[in-house]
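J.: Could you have a look at this structure, given as structure tokens, before my questions?
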Amino acid sequence: MNSKFKALFESFTLPCGVELKNRIVMAPMTNFSSNEDGTVSDSEVKYYARRSGGVGMVVTACTYVTANGKGFNGEFGADSDELVPSLRQLAIGIKEQGAKSVLQIFHGGRQVPPQLVPNGDVVSASAIPSEGAGKPVPRELPEEEIEAIIKAFGETTRRAIEAGYDGVEIHGANGYLIQQFFSPHSNRRDDRWGGSIEKRLTFPLAIVDEVKRIVAENTNEPFIVGYRFSPEEPETPGITMADTLVLIDALADKNLDYLHVSLNDFWSKPKRGVDDSRARIEIIQERVGSKVPVIGVGSLYSADDVLRAKETGIPLIAMGRELIIEPDWVQKVAEGKEDEIATKIDKGKQQELMVPDPLWQAIIHTPGWFPGIE
């Protein structure tokens, strides 16, 4: 190994006591490849296993906690006990290769396609559609359904424990239901679930509390609980960097194992809310990094890209698209072969890369999504 990359291979112990063998994480990415009945497909297990031999931790694609939270075609479910064997199959596929397995749990809220949910019933914090033509107007959730969804996040966490995962990641990012409750765009309520920024925090924090309660009740083993968030929204009104500082201050007091920032570009800068020219990730790390580990991510491909990101002080670095392009990224850096790392997708290597066909079709037909696809 080139000695300058040694810092990427130091072990890291999360607050719960789980030790990661290195500082590299596979980021959660939708793959559209699960079975029609919500079970994990064999090709999906192979895809994850192929990428689990080098990284310290794998965060799965999101899984829905209730039937009306399904956000994508080909998404695997975790909303019933019948799906525990399916969930276990994926956990084993990841862990057998040496990585810790973390199940990302979510509800799509107003972002779900009506045709994927029972009776086309799209729900959210308020009856405000997403911006864009043809977006459905969601039904505002009443109190009892809000409480039921919070409980569903807890039940899915219990299933993750039973299925053998090392942890869960609460998906509070990318405009899905948890973020919808925090956002002033999608949450126009005037009850205890909305209004002031403190009230808009009620739902996200209630889910964290419920997940932590279920973990305490169902296992004596160390179990990871992380939280992913998007620092800003483009909408007006929408989440600003100032709002996010309030969110992460609250989350940092919840004894979480990490905060995972959802960014397309690791070095992106705030658009509004703070007078600070540094990258968002640097502001976040300075604000809460001494209280809770931060995971950074966003368009990092080469070993030098990742090392530069790590040198900001962020303890853990996640990669998404690059681990699809180069499943052996970690191994190549460890062996001093970083110059052999592929950073553009090779359209002739689907089988070698073990990418399921639905994901492969999405990649090759989406210009600009992956380096090498024009």
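The values are calculated or read from the model by the stated rules, or taken from the named source; none is laboratory data. All values reported here derive from a predicted model rather than from experimental measurement. All Cβ positions, even for glycine, are placed from backbone atoms using ideal geometry, and neighbour counts span all protein chains on display. The protein model used for the area step is the full one, side chains on, heavy atoms only, and it has no ligands, DNA or RNA in it. Shrake-Rupley method; radii C 1.70, N 1.55, O 1.52, S 1.80 Å.
J.: In µm²/s, what is D for region 291-354 at 10 °C and 1.306 mPa s, where D = kT/(6 pi eta Rh) by Stokes-Einstein and Rh is the Kirkwood radius from Cα pairs? Numbers along the way, then the final one.
T.: Values: Rh = 12.6 Å.
Answer, rounded: 126 µm²/s.
J.: Which whole-number value in Å² is the accessible area per residue of region 251-374, probe 1.4 Å?
T.: That works out to 45 Å² for each residue.
J.: Under 5 Å between amide H atoms, partner at least 5 residues away or on a different chain: which partners does Ile295 have, H built in plane at 1.01 Å?
T.: Sorted by chain and number, the residues that satisfy this are Leu259, His260, Val261.
J.: Okay, next question. Just want to confirm a number: the relative contact order over the chain, from Cα pairs under 8 angstrom separated by 6+ residues, in percent.
T.: Over the chain, the number comes to 17 percent.
J.: What is the gain in length, in nm to one decimal, between Asp81 and Val137 on full extension, counting 0.36 nm per residue of separation less the C-alpha to C-alpha distance? Let's see the in-between values first.
T.: Values: separation 56, 0.36 × 56 = 20.16 nm, distance 3.09 nm.
In short, 17.1 nm is gained.
J.: Mind checking which of Gly336, Gly226, Ala61 is farthest towards the positive end of the chain's charge dipole, using Cβ charges of +1 (Lys, Arg) and -1 (Asp, Glu) about the Cα centre?
T.: Gly336
J.: Kindly rank 151-161, 46-56 from highest to lowest mean number of other beta carbons found within 10 Å of each residue. Walk me through the numbers before you get to the answer.
T.: On the way: 151-161: 23.4, 46-56: 20.8.
The packing order, highest mean first, is 151-161, 46-56.
J.: Additional query: Add -39500 (n - 2.57) for each DSSP H run of 4 or more in the chain, then divide by its residues: what number comes out at 222 nm, to the nearest 500 deg cm²/dmol? Write out the running numbers ahead of the final one.
T.: Values: 13 runs with 120 residues, N = 374.
It comes out at -9000 deg cm²/dmol, rounded to the nearest 500.
J.: Follow-up question, since we're still on this one. With a 10 Å radius around each residue's Cβ, average the other Cβ atoms per peptide and rank 342-348, 322-328, 15-21, highest first.
T.: 322-328, 15-21, 342-348
J.: What is the packing order of peptides 61-68, 263-270, taking the mean over residues of other C-beta atoms within 10 Å and listing the highest first? Show your work: numbers first, answer last.
T.: Numbers: 61-68: 24.9, 263-270: 17.0.
Result, highest mean Cβ count within 10 Å first: 61-68, 263-270.
J.: Step by step: find N for region 54-111, compute 2.2 N^0.38 Å, then divide the Cα radius of gyration by it. What's the final number?
T.: Working: Rg = 12.2 Å, N = 58, 2.2 N^0.38 = 10.3 Å.
Against the compact-globule rule of thumb, the ratio is 1.19.
J.: When the chain is fully extended, how far beyond the present Cα-Cα distance does Glu335 get from Ser3, taking 0.36 nm per residue of separation? Write down the numbers at each step before the final one.
T.: On the way: separation 332, 0.36 × 332 = 119.52 nm, distance 1.09 nm.
Gain in length upon complete extension: 118.4 nm.
J.: Using only C-alpha atoms and all pairs of different ones, pull out the Kirkwood radius for region 213-293 in Å with one decimal. Each step should come with its number before you reach the end.
T.: On the way: mean 1/r = 0.0726 Å⁻¹.
This gives a value of 13.8 Å.
J.: Still on this model: In debye, nearest 20, what is the charge dipole magnitude of the chain about its Cα centre with +1 on Lys and Arg Cβ and -1 on Asp and Glu Cβ, if you could check? Mind showing how you got there, number by number?
T.: Working: 41 positive and 55 negative charges, 123 e Å.
The dipole magnitude comes to about 600 debye.
J.: Across all directions of projection, what mean area in square nanometres is found for the Cα convex hull of region 1-58? Could you put the intermediate results ahead of the total?
T.: Values: hull surface 21.9 nm².
Mean projected area of the Cα convex hull: 5.5 nm².
J.: Starting from one equal scatterer on each C-alpha and no solvent at all, send me the Debye-based log10 I(q)/I(0) for region 72-216 at q = 0.09, 0.18 Å⁻¹, two decimals.
T.: Each listed q maps to, in turn, -0.30, -1.06.
J.: Would you kindly derive the ³J(HN,Hα) couplings of region 139-146 from the backbone phi angles with the Karplus curve 6.51 cos²θ - 1.76 cosθ + 1.60 (θ = phi - 60°), listing them in order in whole Hz, with x for Gly and Pro?
T.: Computed from phi, the couplings for region 139-146 are 7, 5, 6, x, 3, 5, 6, 4 Hz.
J.: Here's a follow-up. Which residues does the label zone of Thr13 cover in region 224-240, counting backbone N under 17 Å from a point 7 Å along Cα→Cβ?
T.: In region 224-240, the label zone of Thr13 (backbone N under 17 Å from the point 7 Å along Cα→Cβ) covers 224-225.
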